[in-house]
């Protein structure tokens, strides 16, 4: 079975393959010279994931898997939310996004946050499977750890005393929002005899 992964993020690709398994023939941006730039114009994680998966499944006439994820911080009214990857504006990087987040939180005592992911499997004929994952935790005052990506260095999941960036890939994948969503998707795909 061939499936398109709607991301160029190597860490996301590795996480998806680790969970779904290596029996699938994964295709990514590097396999398609005419890869479309799909702008995330929806106002929900689900909407953005559906948009990306739909465009790629139609364009290349094969199933596509897309996700949209983000960090929602309670004290910031759910920010950065769907804007997580672009939080610091044009030219955003993980480091700039984290710096803006920590600046906006300032001395706030309530640092509760949740990572959320919606992952979509979309067939060219329109059939879709949607799975969601969430993990609650809190934001630390300064980045810690060198693993992971995005906000991993400042997010500590509930019940743990280390950030996602301090965890092994296996440990993080077993706990993470994306790991949970992809595991749910794998379960549904297996039940439907798709994989």
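None of the figures in this text is laboratory data; all of them are computed from the coordinates on show. The structure presented is a predicted model; accordingly, all values stated were derived computationally and were not measured. So basically every Cβ, Gly included, is an ideal-geometry build from the backbone, and we count neighbours across all protein chains shown.
Considering only 64, 131, 92, give the residue with the highest GNM mean-square fluctuation for the chain, with springs between Cα atoms whenever their separation is below 10 Å.
In the Gaussian network model the winner is 92.
Pick from 56, 105, 71: which residue has the top mean-square fluctuation in a GNM of the chain where Cα pairs under 10 Å get a spring?
Comparing 56, 105, 71 in a Gaussian network model of the chain, the most mobile one is 105.
When the chain is treated as a GNM, springs tying every alpha-carbon pair under 10 Å, which of 93, 117, 163 comes out with the largest mean-square fluctuation?
So, out of 93, 117, 163, the one fluctuating most is 93.
What's the center-to-center distance, using Cα atoms, between region 154-195 and region 68-92 in Å?
Going from one Cα centre to the other spans 20 Å.
For helix 10-20, report the angle its Cα long axis makes with the longest principal axis of the Cα atoms of the chain; keep it between 0 and 90° and round to the nearest 10°.
60 degrees
Using the Kirkwood radius over C-alpha pairs as Rh, can you work out the diffusion coefficient of the chain via Stokes-Einstein at 10 °C, viscosity 1.306 mPa s, in µm² per second? Before the final figure, lay out each step's value.
Details: Rh = 17.1 Å.
For these conditions, the coefficient is 93 µm²/s.
Give the Rg (one decimal place) followed by the Dmax (whole number) of region 51-162, computed from C-alpha coordinates and expressed in Å.
Both quantities, over Cα of region 51-162: 16.2, 51 Å.
So if each residue of separation counts as 0.36 nm, and I subtract the Cα-Cα distance between residue 41 and residue 128, what length gain in nm does that give? Don't skip to the end; give the middle numbers.
Values: separation 87, 0.36 × 87 = 31.32 nm, distance 1.95 nm.
Going from the current span to full extension adds 29.4 nm.
Can you pull the one-decimal nm distance between simple spin-label points at residue 61 and residue 104, each 7 Å off the Cα toward Cβ?
4.3 nm
Label points 7 Å out from Cα along the Cβ direction at residue 23 and residue 138: separation in nm?
Here the answer is 4.3 nm between the modelled labels.
If contacts are Cα pairs under 8 angstrom and at least 6 residues apart, what is the relative contact order of region 39-195 in percent? Intermediate values should be presented prior to the final figure.
Numbers: 310 pairs, mean separation 31.0, N = 157.
It comes to 20 percent, rounded to a whole number.
What nm value, rounded to one decimal, do you get for the distance between residue 34 and residue 93 when each label is placed 7 Å out toward the C-beta?
3.5 nm
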